[in-house]
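Have a look at the structure below, then the notes.
The values are calculated or read from the model by the stated rules, or taken from the named source; none is laboratory data. Nothing here was measured: the structure is a model prediction, and the numbers come from that model. A quick note on method: Cβ atoms are made from the backbone with ideal geometry, for glycine too, and the neighbour counts reach across all protein chains shown.
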Amino acid sequence: MTDRVGIVAVAQIGHDYAVDKNLREICYEVTKDILSQVEMEREDLGTIISSSSDHWQGISCSNSYYYEAIGAYLKNSSKAPEDSAFAFLYGMMRIMTGHFDTALVHAVTKGSEIPGVSTLTNLYADPFIQRPVGLDDVSTAALQAVEYMDRYKITEEHAAKVVAKNRGNGLNNPYALKERVSVEDVLKSQIMAYPLKKLDCAPSSDGTCALLLASEEKTRELTDNPVWIKGIGWEVDHTYFGDRDLLNGSLRKAAKRAYNMAGIEPKEIDVAEICEPYSFQELLWCEQLGFCPEGKGGKLIDEGVTEMSGELPVNPSGGVLSNNPYVARGLFRIVEGALQVMGKAGKRQVPDVETALAHSTHGFAGQLHSVIILEG
Amino acid sequence: MSRKVGIIGVGQTKHGRRDDVNYIDLVYDAVRAAMEDVKISPGDIDAVVSGSMPPPMEGINAPHLYWSDAMGAFGKPSMRIATCGSTGMSIAQSAYYHVASGLFDVVLAVGAEKMLENDPQGTMTTVADPFFQRPFIAGAPGVFSMQSIQYSHRYGLPEERVRMAAAQISVDHHTNALDNPYAHIRIKITVDDVLKSRIISYPTRLLDVCPSSDGACALVFACEEKAKKIAESPDEIAWVKGVGYAGDEHFFGDSDKVVWESAIKASQEAYKMAGIQNPLKDLDVAEIYNPFTYQELIYYECFGFCGKGEACKLVEDGAVLRGGELPCDPSGGTLCTNPIGATGLLRVGEAALQVSGRADKRQVPGARTALSHAMGGSDQFNGIMILGSDKMEV
Amino acid sequence: MAEEYKSIKEEIHLPYKWALGPVFTKFFENFKEKKIMGTKCPKCHRVLIPARRFCPRCFVDTDEWVQVSNEGTVRTWSLVNFEYSGQVKKPPYVQGLIDLDGADTALAHFIGGIDLSDLEKVPEQVKIGMRVKARWKENREGNILDIECFEPI
Amino acid sequence: MAEEYKSIKEEIHLPYKWALGPVFTKFFENFKEKKIMGTKCPKCHRVLIPARRFCPRCFVDTDEWVQVSNEGTVRTWSLVNFEYSGQVKKPPYVQGLIDLDGADTALAHFIGGIDLSDLEKVPEQVKIGMRVKARWKENREGNILDIEYFEPKEEL
């Protein structure tokens, strides 16, 4: 890539603070946080790309309602809905053309205000074939889990260990849930959609986050602790659920695009922030990301490779299982990855991180995946 | 740095009431048409950008996932962009940035809508916030009419004169649509018909306002090298010369909708990039997003075609009508065809056909530089793309 | 005759519960005492209606609550004469943007007290610049429809 | 105690009437005679269920109707035990992806005839690879629920 694009500043607002605030207010506050970190005025912002969802907000053209709250009044600002990784990728492209030297990337979801993740993801399904039979986020993840457990002898205990790990990490993250969860708690929790129990599933949270992208030159001007974008890749799978290979979808190829662009191998990743709305998916995604051979996700968690003390810590922030503002969760992963590279992740900091991987996904059982590789 | 980007393929469906096809197949038809236009297949596409109106419009939550196969997007980077009414333009601009960034050589832009399977005004009402404005937006007609009525009052123009200018625009565009086989409404009307049609949302009457349509549009963007390789001839490439976009605040009462800042700023941003000094002279044709006749008068002034309060004169002199100095909406425009998610792309697509000389019976002779525009949000966003041809001045 | 293609019908019901937040809560609290409160921007000194946490143009916190009048002038209006699902009022009815005395942004609301028997006569009764005042409901619940409409003075 | 902030409640009702288009219309017409029809891709020769206008992989029009069996094997399944607004069936219920004999893509549908009295016992009754067959409703209206569910088929 010719000129590099840098991440200059990041900001987050978690569930506890956001839940009783109006959506415009938390968008305003997270944007002001970024501007104060880099001592910029709203007028100096180049372009602004936001991510939110009309169904997830109950307000159509969702960015219209908070347009000026993210400083976009009379600015060139667009919206990439459904997955906030889109907003990050699109912001990066606008910088690369040289039209803008800074881009504010923002995302927001108030999961406490919606009819429910299942009601809204049931609307992902076509109205004729799949919706009437009730496909939704949880049941499709369950269908994927049963196939995964059957083919590679992954057990409910393996999945429960992921929850215990991530909820444990979440205690160190001010923006995540604060209750520790044991493997037993997970196994005892009420069945949602076999084999997924309540604690195998991510909560529906309120939250917003933002980061400032800048051209290489502007990045050096604004910070002496830049994070560079080294590799990106994203890919979509088939429309009909029955058409897809649930255990080998689009993540493997999306990751390959990112690794090739960054010119590195999976083993060079120091820390990963992965989007795991359902516990066993962290294991499956780790396989697809090349962190272990196919089918060996269970072994990965058993050997503690992905613990904070392990060789390749996964989700030091507690991941999506500890904080899941649906549309914003992708950008939360990138923000956490950037904090790790900056060395500013506080109690959840993994020692001397050089390269971080951030991953986002949405759609039934991961129909679309995005992979971003960041370096110091 | 920014690479030169051209539009080479334009595909669209027959717009109108399309109960004969389901939503996925409607998109498939437009994408096949765009690929056949330049004789390429999905294998030649590096990335896909798509979008539509807010998903509550069709009750299907993620169109970019629902259409992935219909767009040939399987196994490709695919992203969705959505800004309500201006979605088509935002998609076109995103496809432009995809290519200009150097990340992708050939990018497919897809927009579609099926407005006749639901209650579009019911959906558009949910654009207004639920706390203060939702009871009062009344879909698009409600808020656009409140904008339209201010125009004559602002410049102290007799309401009759503005009423006549708007009616002339309606007759001109409906006549143009007769030459556009894809258009939804293709009827012969007179000024009298417009003046007598029933009130929808005063001052807007039936023939002042666009239909709700089903329809889809797909455009193929390419970098200079690929565009020259794929297109029939370099003269048939519509180069992107300028892009601009801006938005006002969410609350309708927060800003002036006659001297409309976001429309002014978007056009100035695009003109600066394209090197346009005097729009009326420098532009040969414009495809303006005008779901309501009155709004087009406001756009003429915001885009600098004339001074404040002079839009009626522009219409009365015929400058912006068929055969005039700067003919607007030779395709019949949004007034005759409005599958909203595709409409912004249709403006860009029609502008591309004009500058590449491929607009058949609706071709404006010798058109080399075209403005395309779209509007969205709560009467809030405006986006402009200037297209131009590099063929020799004839 | 083209082959008769079928379709599938369904009505989707989506329940939402939106948090008002501190500023909007206080704005609607004041409706209980028939008071319309705006907030003022320290930089541009505009009084914003509805009251807001920050000024959209200056991007700074508003820092002062200012009561505005229940009376104002019609900035623009429209007669709505078509139906749509979710509509709050049965058409025809008149709605408008009202510049309340003391406010620098307009409030969208209904305009009542208009004879709607002959729609063509409505433009004679409603004029831009017309003076109107709020008509409050008896029992108010803390939402925008606590004001029933604005009626000509 | 933080000041108690209010909220606004509203239920959005939006009516829809989605066009099926020619291929799906014919697909559901055949349900009247308890027949499940797929369409075949001329390039990759896969039989697609439900029948479709074009092949998602080859991006070409399908050109041949092929009837597939009412019987198939369970590719994967799940027991749904939670409620959400707009849900078609009251939980608990079992659903799965069924690879019908003769089809190359799976059909999502309900799996019935399962004893749901003890949820813990369900995984013993439903297995990947299990043989099932369609159970048709008496009066069929031409939609996916004309098949009430797929039920386990005793192997003779």
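Only one of C:71, C:120, C:124 is more than 7 Å from every other protein chain (Cβ to nearest Cβ) and within 18 Å of residue C:146 (Cβ to Cβ). Can you tell me which?
Details: C:120 fails: within 18 Å of residue C:146 (Cβ to Cβ); C:124 fails: within 18 Å of residue C:146 (Cβ to Cβ).
Of C:71, C:120, C:124, the one residue that is more than 7 Å from every other protein chain (Cβ to nearest Cβ) and within 18 Å of residue C:146 (Cβ to Cβ) is C:71.
Please report, ordered by residue number, the strands (runs of 3 or more DSSP E) entirely within the stretch A:199-300 with at least 3 residues that are in contact with a Leu (Cβ under 7 Å, 6 or more places away or on another chain), over 17 Å from residue A:158 (Cβ atoms) and not polar (S, T, N, Q). If you could, list the steps in order and put the result at the bottom.
On the way: elements: A:206-215, A:227-236, A:271-273.
Where strands (runs of 3 or more DSSP E) fall fully within the stretch A:199-300 and carry at least 3 residues being in contact with a Leu (Cβ under 7 Å, 6 or more places away or on another chain), over 17 Å from residue A:158 (Cβ atoms) and not polar (S, T, N, Q), they are A:206-215, A:227-236.
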From the option list C:46, C:53, single residue qualifying as touching a residue at least 24 places away in the same chain (Cβ under 8 Å) and facing another protein chain (nearest Cβ under 7 Å) is C:53
Take the residues in the stretch A:30-47 that are farther than 19 Å from residue A:346 by Cβ and touching a residue at least 40 places away in the same chain (Cβ under 8 Å), then tell me which one is nearest to the chain's Cα centre (by Cα). A:31
Could you please find all residues in the stretch A:18-30 being assigned to a helix (DSSP H, G or I) and facing chain C (nearest Cβ under 8 Å)? A:23, A:24, A:25, A:28
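Restricting to the stretch A:173-198, name every residue that is in a loop (DSSP other than H, G, I, E, B) and either farther than 23 Å from residue D:117 by Cα or aliphatic (A, V, I, L, M) (or both). Lay out the reasoning, then the answer.
Initial filter on the stretch A:173-198 (in a loop (DSSP other than H, G, I, E, B)): A:173-182, A:189-190, A:194-195.
Listed by number, the residues that qualify are A:173, A:174, A:175, A:176, A:177, A:178, A:179, A:180, A:181, A:182.
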Looking at (1) surrounded by 24 or more Cβ atoms within 10 Å (Cβ to Cβ); (2) away from chain D (no Cβ under 13 Å); (3) farther than 30 Å from residue A:370 by Cβ, which one does residue B:161 not meet, given that it meets all the others? (1)
For the stretch D:38-88, how many residues are part of a loop (DSSP other than H, G, I, E, B), closer than 24 Å to residue D:28 by Cβ and among the acidic types (Asp, Glu)? 1
Would you check which residues across the stretch D:83-104 are under 12 Å from residue D:73 (Cα atoms) and of a type in the set (Val, Ile, Thr) and list them? D:98
So residue C:138, is it more than 11 Å from chain B (Cβ to nearest Cβ) and exposed (fewer than 14 other Cβ atoms within 10 Å of the Cβ): yes
Picking from A:36, A:78, A:53, which residue would you name as being part of a loop (DSSP other than H, G, I, E, B) and more than 9 Å from chain C (Cβ to nearest Cβ)? A:53
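Being assigned to a loop (DSSP other than H, G, I, E, B), more than 8 Å from chain D (Cβ to nearest Cβ), farther than 26 Å from residue A:209 by Cβ and out of contact with any Cys (no Cβ under 6 Å at 6 or more places or on another chain) narrows it down to one residue among A:134, A:98; which is it? Quick ask: steps written out before the conclusion?
Numbers: A:134 fails: more than 8 Å from chain D (Cβ to nearest Cβ).
The match here is A:98.
Kindly indicate the residue of the stretch A:101-131 that is of a type in the set (Gly, Ala, Ser) and touching a strand residue (DSSP E or B) at 6+ places or on another chain (Cβ under 7 Å) and also nearest to the other protein chains (Cβ to nearest Cβ) among those meeting that condition.
Just the residues of the stretch A:101-131 that are of a type in the set (Gly, Ala, Ser), to begin with: A:103, A:107, A:111-112, A:116, A:118, A:125.
From what is left, the residues that are touching a strand residue (DSSP E or B) at 6+ places or on another chain (Cβ under 7 Å) are A:103, A:107, A:111-112.
Numbers: A:103: 11, A:107: 14, A:111: 12, A:112: 8 Å.
Across the stretch A:101-131, the extreme among qualifying residues is A:112.
Considering only residues that are in a loop (DSSP other than H, G, I, E, B) and either within 20 Å of residue C:38 (Cβ to Cβ) or small (Gly, Ala, Ser) (or both), which ones fall in the stretch C:104-145? Give the steps one after another, and end with the answer.
So in the stretch C:104-145, the residues in a loop (DSSP other than H, G, I, E, B) come out as C:104-106, C:112-118, C:126-130, C:137-143.
Scanning the stretch C:104-145 gives C:104, C:105, C:106, C:112, C:113, C:117, C:129, C:140, C:142, C:143.
If I ask for residues that are within 18 Å of the chain's Cα centre (by Cα) and surrounded by 15 or more Cβ atoms within 10 Å (Cβ to Cβ), which ones from the stretch D:114-130 would you list?
Within the stretch D:114-130, D:114, D:126, D:128, D:130 qualify.
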Might you let me know whether the stretch B:278-294 holds any residue that is within 18 Å of the chain's Cα centre (by Cα), more than 19 Å from residue B:348 (Cβ to Cβ) and within 14 Å of another protein chain (Cβ to nearest Cβ)? yes
Out of all the residues in the stretch B:268-286, is one or more crowded, with 24+ Cβ neighbours inside 10 Å, of a type in the set (S, T, N, Q) and touching a strand residue (DSSP E or B) at 6+ places or on another chain (Cβ under 9 Å)? no
Out of (1) touching a residue at least 60 places away in the same chain (Cβ under 8 Å); (2) more than 21 Å from residue A:313 (Cβ to Cβ); (3) of a type in the set (Lys, Arg); (4) buried (at least 19 other Cβ atoms within 10 Å of the Cβ), what's the single condition that is false for residue A:165? (2)
Quick check on residue B:77: is it within 13 Å of chain D (Cβ to nearest Cβ) and either over 23 Å from residue B:349 (Cα atoms) or of a type outside the set (Ser, Thr, Tyr) (or both)? no
Which of the residues belonging to the stretch D:9-29 are crowded, with 20+ Cβ neighbours inside 10 Å and at the interface with chain B (Cβ under 8 Å from one of its Cβ atoms)? D:12, D:14, D:16, D:18, D:19, D:20, D:21, D:23, D:24
Does residue B:254 count as modelled with pLDDT under 95 and among the acidic types (Asp, Glu)? yes
Looking at B:329, B:317, B:390, which one is of a type in the set (Asp, Glu), in contact (Cβ under 8 Å) with a residue 40 or more places away in the chain and surrounded by fewer than 22 Cβ atoms within 10 Å (Cβ to Cβ)? B:390
From the list B:108, B:116, pick out the single residue that is more than 8 Å from every other protein chain (Cβ to nearest Cβ), surrounded by fewer than 24 Cβ atoms within 10 Å (Cβ to Cβ) and over 18 Å from residue B:246 (Cα atoms). B:116
Residues that are of a type in the set (D, E, K, R): which helices (runs of 4 or more DSSP H) entirely in the stretch B:297-394 hold 1 or more of them? B:311-316, B:340-355
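Here are some residues: B:241, B:229. Which one is surrounded by fewer than 24 Cβ atoms within 10 Å (Cβ to Cβ), away from chain C (no Cβ under 14 Å), without any contact (Cβ under 8 Å) to a residue 40 or more places away in the chain and over 16 Å from the mean Cα position of the chain (by Cα)? Can you show your working first?
Numbers: B:241 fails: without any contact (Cβ under 8 Å) to a residue 40 or more places away in the chain.
Testing whether each residue is surrounded by fewer than 24 Cβ atoms within 10 Å (Cβ to Cβ), away from chain C (no Cβ under 14 Å), without any contact (Cβ under 8 Å) to a residue 40 or more places away in the chain and over 16 Å from the mean Cα position of the chain (by Cα) leaves just B:229.
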Test set (1) crowded, with 19+ Cβ neighbours inside 10 Å; (2) within 14 Å of chain B (Cβ to nearest Cβ) - residue D:60 fails condition number: (1)
Quickly run through the stretch A:296-317 and pick out the residues that are buried (at least 24 other Cβ atoms within 10 Å of the Cβ), under 26 Å from residue A:149 (Cα atoms) and among the small types (Gly, Ala, Ser). A:297
Given (1) touching a residue at least 40 places away in the same chain (Cβ under 8 Å); (2) surrounded by 14 or more Cβ atoms within 10 Å (Cβ to Cβ); (3) out of contact with any Lys or Arg (no Cβ under 8 Å at 6 or more places or on another chain); (4) closer than 22 Å to residue B:198 by Cα, index of the condition residue C:92 fails: (1)
